[in-house]
């Protein structure tokens, strides 16, 4: 069952409050609270994250305008719908300029009220998506799809899908590049929370001094440069899933606060005194052995037990080599965009399947991206991977593959970037420096070629 949306009705007219509360609660979509005046509303907003506020303008002591101003600073993702009399329509229009979503004039048409609330919720989701996208574009890499047919991989997918139905915390363990975030995303999409936010936090990429503020938010003036109140990501994720990536890198100073939040759903913003409560499901991931981290004194044992109610282990690519052909095909199609898709020569596929891939799926993707650039024909030959792999004769084996460093045996004294630059320059010359024809020949998009031309300072005609 989908999570209910938190809704607060603020109006000093008791009959109207009772009527609205009854109508909205009866729908089953909303968890409804009420407040008889602006002061009570502000107190409730300080203790709970609301999706939508139905707010009367004219109230004694603390007006609706004052409540709206407070919401805009304290809880900007909360959508405010103004309730007004016809005489106050001019004022209601002013509240739109202040940030309210919409206004409704009394008496209300109940269908119109529901439609307006639903649109406000959609607007909140867009607001959250846009906010998260800014960080996602700089953080995310690799495929957004789960690709594989091997027994270990299919067993993982089956387990993740089964556990998705519960609200239990999940710990995903696996080496870097295995696709832990994709499993977390699958759990969210198959869960009852799939219509609410999925918020990912890379705990390893945020300095300790900022992680607490990023997670729990901060109050204005809490520290230098805290010029405004900021909602934490736990509030943004309210009703949905919070994904703590690389949770094993959280510092001992933050771990007790995270543990309290996981146990109670309660937290305080940095510099704040009000206790806030949210409802999130936490999925975490790590490439570390947390039990060893506990023994070393770097990770709290009680936090480990709280996080790993359910544990999923993502297999290494070397343990699911049956998936390499389908993964390679997927990456080649994606790298080709609308161009002709390149194929792997039989020897090239053998080379890929014989390698142990210490960087897992992410390494495979990057190797194929480079191979698409370096190959000039319809097939990717073994020679197109020469900068990554080489053959050596060893006793007992016909050959083995090994990753080459940028200045290793396969690449001579030249770096990967230098080899790529020279190859692109050669193809440019072959096509009279035409960007369009060169992109076609390389099997990449014009945008990708343009970025590499800019990077290497190469000459073009169009």
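The values are calculated or read from the model by the stated rules, or taken from the named source; none is laboratory data. All values derive from a computational prediction rather than experimental measurement. Cβ atoms come from the backbone with ideal geometry, glycine included; neighbour counts cover every protein chain shown.
Please verify whether the stretch 342-351 includes one or more residues that are part of a helix (DSSP H, G or I) and free of Cβ contacts under 8 Å to residues at least 12 places away in the same chain. Yes, because at least one residue in the stretch 342-351 is part of a helix (DSSP H, G or I) and free of Cβ contacts under 8 Å to residues at least 12 places away in the same chain. For the stretch 270-293, taking the residues that are under 22 Å from the mean Cα position of the chain (by Cα) and more than 16 Å from residue 240 (Cα to Cα), the one that is surrounded by the fewest Cβ atoms within 10 Å (Cβ to Cβ) is identified as 288.
Every test in (1) assigned to a loop (DSSP other than H, G, I, E, B); (2) at pLDDT below 90; (3) surrounded by fewer than 22 Cβ atoms within 10 Å (Cβ to Cβ) is passed by residue 168 save one, and that test is (2).
Beta carbons closer than 9 Å, at least 6 apart along the sequence or on distinct chains, never pair a first residue in the stretch 1-22 that is at negative phi and free of Cβ contacts under 8 Å to residues at least 60 places away in the same chain with a second that is part of a strand (DSSP E or B) and loosely packed, with under 13 Cβ neighbours inside 10 Å. A single entry from 306, 334, 298 fulfils the requirement of being assigned to a loop (DSSP other than H, G, I, E, B), in contact (Cβ under 8 Å) with a residue 24 or more places away in the chain and more than 22 Å from residue 128 (Cβ to Cβ): 298.
In this structure, is residue 288 in a helix (DSSP H, G or I) and at pLDDT below 95? No; evaluated as a whole, the condition is false for this residue.
Summed over the stretch 419-457, the residues that are over 15 Å from residue 371 (Cα atoms), assigned to a loop (DSSP other than H, G, I, E, B) and modelled with pLDDT under 80 give a count of 1.
Within the stretch 199-217, being surrounded by 22 or more Cβ atoms within 10 Å (Cβ to Cβ) and assigned to a strand (DSSP E or B) holds for 199, 200, 201, 217. Which of the residues belonging to the stretch 184-198 are buried (at least 22 other Cβ atoms within 10 Å of the Cβ) and more than 12 Å from the chain's Cα centre (by Cα)? Within the stretch 184-198, 187, 191, 193, 196 qualify. The number of residues in the stretch 238-275 being part of a strand (DSSP E or B) and either under 21 Å from residue 45 (Cα atoms) or outside the structural domain of residue 208 (by TED's automatic domain parsing) (or both) comes to 3. Here is the figure for the stretch 218-231: residues that are crowded, with 18+ Cβ neighbours inside 10 Å and not in a strand (DSSP E or B) total 2. A residue that is closer than 20 Å to residue 239 by Cβ and in the same structural domain as residue 10 (by TED's automatic domain parsing) can be found somewhere in the stretch 53-64. For residue 77, the criteria (1) modelled with pLDDT of 90 or more; (2) touching a strand residue (DSSP E or B) at 6+ places or on another chain (Cβ under 7 Å); (3) surrounded by fewer than 20 Cβ atoms within 10 Å (Cβ to Cβ) hold in every case but one, which is (1).
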